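The values are calculated or read from the model by the stated rules, or taken from the named source; none is laboratory data. Every value quoted in this text rests on a predicted model; they were computed, and no experiment measured them. Cβ: placed from backbone, ideal geometry, glycine included. Neighbour counts: every protein chain shown. The area values use the complete protein model at the heavy-atom level, side chains included, leaving out ligands, DNA and RNA. Shrake-Rupley method; radii C 1.70, N 1.55, O 1.52, S 1.80 Å.
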Amino acid sequence: MAGDGMTQSSVGKYRKDEGWCSKSLLRNYLYIFNFFFLIGGGIVLAVGVWSILTEHEFITLLSGVSYPLTSYLLVAAGIVAIIATFIGCLGICKKDRCFLLIYILMLLLVFLLEAKAGILAYIYREKAYNDLQVHLNETFSKYYGFDETKTSAIDNLHQEFRCCGALSHRDWQRSSWKGMGRAGNNLVPDSCCITVTQDCGIREHPSNIFPVGCIHKLKTLVKDQLGYLAIAGLGLCILQVFGIIFSTCLYVKLKTPDIADI
């Protein structure tokens, strides 16, 4: 009888964990979440890297740091998300609270990085045109012919987007490049020409150069890319809320072992 009492007493310390919030179900939820989280982290990383690699030259023409910072935040979030996925799977498999705690903290870090990136992208997207309007013409007129990096970026922008000048090709008449004699006989840079040849910028007729300013096409590019970055950042934030809830519940539940763990 005494032995039975001891057995009942020790078993009483443990609880049979059942229901929709049981440990086994929470672990399954987290395995499924981690699968999608890994894919999401890879997408965020890819979007960030794509944004940096495809438009890295044109970033030098923008005055603010919001555009490049958004891309770098997403790259950081993607890397941390991929690492967190493996730590999370290890903690779930081993039922290790220490690994789970690290996993929860990493989820929170990724959430903050993505939220900041998404919000920055959304805010800067709304004011991108005003920023370009204020600073792009200044960049073109002051630095073309004097700053090698910006000069190369402007030349590439002219050719890639088939445009000339910030607001129009007439901007070059008020530029330092023209005023300080760097232009020679050219009215516009050679990169403004439809067919680029030496000193082709001597004629600014629409049949010879691109008559449209670059601000309109650059505005579209910046707004589109910031839109993708905002969706990537804020979209995965929503997914992570479930991961944080499930992992926190499992972390708390693992504090009390159940009958299956005896």
> Can you name the condition, by its number, that Leu74 falls short on among (1) outside any loop (DSSP other than H, G, I, E, B); (2) over 30 Å from Phe37 (Cβ atoms); (3) in contact (Cβ under 8 Å) with a residue 40 or more places away in the chain?
Replying inline: (2)
> Which of the residues that make up region 175-192 are of a type in the set (D, E, K, R) and at pLDDT below 90?
Replying inline: Lys178, Arg182
> Within region 107-150, which residues are touching a Gly at 6+ places or on another chain (Cβ under 7 Å), more than 30 Å from Leu30 (Cβ to Cβ) and buried (at least 18 other Cβ atoms within 10 Å of the Cβ)?
Replying inline: Tyr124, Arg125, Phe140
> So how many residues does region 168-214 have that are surrounded by 15 or more Cβ atoms within 10 Å (Cβ to Cβ), under 36 Å from the mean Cα position of the chain (by Cα), in a helix (DSSP H, G or I) and not small (Gly, Ala, Ser)?
Replying inline: 6
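A quick yes/no check of all residues on (1) over 30 Å from Gly48 (Cα atoms); (2) out of contact with any helix residue (DSSP H, G or I) (no Cβ under 7 Å at 6 or more places or on another chain); (3) modelled with pLDDT of 90 or more; (4) not aliphatic (A, V, I, L, M):
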site	(1), (2), (3), (4)
Asp171	yes, no, no, yes
Ile194	yes, yes, yes, no
Pro206	yes, yes, no, yes
Gly227	no, no, no, yes
Phe246	no, no, no, yes
>> Condition first: modelled with pLDDT of 75 or more and open to solvent by less than 20 Å² (accessible area, probe 1.4 Å). Now tell me which residues in region 23-67 satisfy that.
In response: Lys23, Leu26, Leu30, Phe33, Asn34, Phe37, Gly40, Gly41, Val44, Gly48, Ser51
